[in-house]
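For reference, the structure is listed below as structure tokens.
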Amino acid sequence: MKGMALLNLNAAPLSIGALTHSFASMPAGFYARQAPSPVADPAMVVFNDALAAELSLDTVSCPLEALTAIFAGNALPTGADPIAMAYAGHQFGHFTPQLGDGRAILLGEVIDRAGSRRDIQLKGAGRTAFSRGGDGRAALGPVLREYLISEAMHALGVPTTRALAAVTTGEAVLRDRPLPGAVLTRIAASNIRVGTFQYFAARGDYDAVEALADYVIDRHYADARQAENPYLALLEAVVARQASLVARWLNLGFVHGVMNTDNMAVSGETIDYGPCAFIDAYDPATVFSSIDDYGRYAFKNQPAMAQWNLTRFAETLVPLLGDDEQDNIACATRAIMGFGAAFDNAWLAGMRCKLGLTIAEDGDRALAQSLLAAMHKDAVDFTLCFRMLGEGLDGASARARVLFQDKDAFDHWREAWHQRCARESMPVGLRAASMRAENPAVIPRNHIVEQVLAAATRQGDYAPFHECLGVLLDPYTDRPAHARYAEPPAPGQSILRTFCGT
Ligand code: AMP
Ligand code: MG
């Protein structure tokens, strides 16, 4: 693909479909216009045809060279109006009034097959007005990591931003050493964050907060418009979606790792795949991120941190809620307090599904928690244990038993669980099948992710990446030929630290 850099921006009409720009019609202070900066020698590593089809993109007839140029930032597709969005954020509890897209450029939006508006954004496409000291670029390792994990999360049924393309740039990015550069094309329901609201609230610009709230209601929470108090309804709806999102993370053993308010999307999608990782051996105190010194974003702290972020969101909306500030604060507080029950209910509903239960009983929380306590005590692999539980339901030997050191504790728990199951009249085969559909065989395990990224970034060998991606896109199916993806790390293989890589 040499010579790609010679492609003149806008020289040839390159259409990928009808781009729209609802966010670019917001007031000027919401963003800065910024074209991507071309790269030396782009090459397409992976393109997500299924997602392109879902987005109704017109890419099938587009030559690879043109797609590569577009998703490297070397050529703008017809109708693009590239912008970098402004936002602020609390990072590890400390407020920075201006962050913004320092290396991400929104090309535009498309209306997908389901009629939803989706953002098309290049990440690593060069400096913007918000780059501060950064180079505006991304390294290949983190780009492939985001591609793999965000697509795996989607396959696991978690609301998330998606990955459309990864392109290498042929340029080095300087981190602690030179690394191969890349550009990721990220698709999102929108890129509006809690930090976007904070950006305007911190400036005392409540006209802008109101315009943003109206935009978010129209785009993501149309029902709130009909409510007696639409902004309160917006707050309640965002709280509800985050509660259900974080419950899903905990049901799968996912640790986001950097839940700063600029990394919380108001749409309710998981966004910003930096140091995130999945738990192997179950330990609720797990922290992977190398910069999370105090475990602020540890696995078990995620609900509390989500609620903390939502409180920052609520603060920005308080002046919009009505005429009496004390009343407004009381309403917002009630909405935020609702997070606890919403999260607990969603988490427990998820655990019931994992345990093959369909009817709610009072003792279910205690039943789930006693299993988790036994798993923690014996450092049992979270994903494998739930996958194995459904096997041997017919009274035969329980495969999961081998994972526990304390066999008595497991047998005791299993007896209680079997008695609980017996109070529901579901045939054993059906229960086993429902558990297989709830408990994945494969998740993006850290040690595997590291292996495939090392092959790609050090040897330029993308075969392991493609094989791994294929397996992760079908996480509920057993694949004897690819058994190693389902296995926990061998002793010494565990990856306990992850890096943002920005
Ligand atoms: P993150 O830790 O990825 O959520 O990024 C936090 C902030 O730093 C955001 O405003 C990013 O746009 C910005 N940022 C991260 N990496 C870079 C980079 N290489 N160049 C410019 N800005 C960056
Ligand atoms: Mg971020």
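Please treat every number below as a calculation from the coordinates, not as lab data. Here the structure is a predicted model, which means the values were calculated and not measured. Glycine also receives a Cβ, built like all others from the backbone with ideal geometry; neighbour counts cover every protein chain displayed.
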Given the residues 441, 456, which is the only one that is touching a residue at least 40 places away in the same chain (Cβ under 8 Å) and either of a type in the set (Phe, Trp, Tyr) or under 21 Å from residue 158 (Cβ atoms) (or both)? 441
Filtering segment 233-273 for residues that are over 10 Å from the mean Cα position of the chain (by Cα) and not aliphatic (A, V, I, L, M) leaves a count of 12
Residue selected from segment 239-270 under the condition polar (S, T, N, Q) and in a loop (DSSP other than H, G, I, E, B), by the criterion nearest to ligand 1 (Cβ to nearest atom): 260
Looking at residue 474, is it assigned to a loop (DSSP other than H, G, I, E, B), surrounded by fewer than 16 Cβ atoms within 10 Å (Cβ to Cβ) and within 19 Å of the chain's Cα centre (by Cα)? yes
Only one of (1) of a type in the set (D, E, K, R); (2) part of a loop (DSSP other than H, G, I, E, B); (3) touching a residue at least 60 places away in the same chain (Cβ under 8 Å); (4) in contact with a helix residue (DSSP H, G or I) (Cβ under 9 Å, 6 or more places away or on another chain) does not apply to residue 127, and that is (4)
Test: residue in segment 105-124 that is within 10 Å of ligand 1 (Cβ to nearest atom) and hydrophobic (A, V, I, L, M, F, W, C): no
Within 16 Å of ligand 2 (Cβ to nearest atom), over 18 Å from residue 154 (Cβ atoms) and either hydrophobic (A, V, I, L, M, F, W, C) or touching a His at 6+ places or on another chain (Cβ under 8 Å) (or both) - does that describe any residue in segment 280-292? yes
What residue, of 150, 131, is within 16 Å of ligand 1 (Cβ to nearest atom) and either acidic (Asp, Glu) or surrounded by 24 or more Cβ atoms within 10 Å (Cβ to Cβ) (or both)? 150
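Would you check which residues across segment 256-279 are within 16 Å of ligand 2 (Cβ to nearest atom) and either closer than 21 Å to residue 439 by Cβ or in contact with a Cys (Cβ under 9 Å, 6 or more places away or on another chain) (or both) and list them?
256, 257, 258, 270, 274, 275, 276, listed by residue number.
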Could you check segment 367-420 and list, in sequence order, the residues that are of a type in the set (Val, Ile, Thr) and part of a helix (DSSP H, G or I)? 383, 402
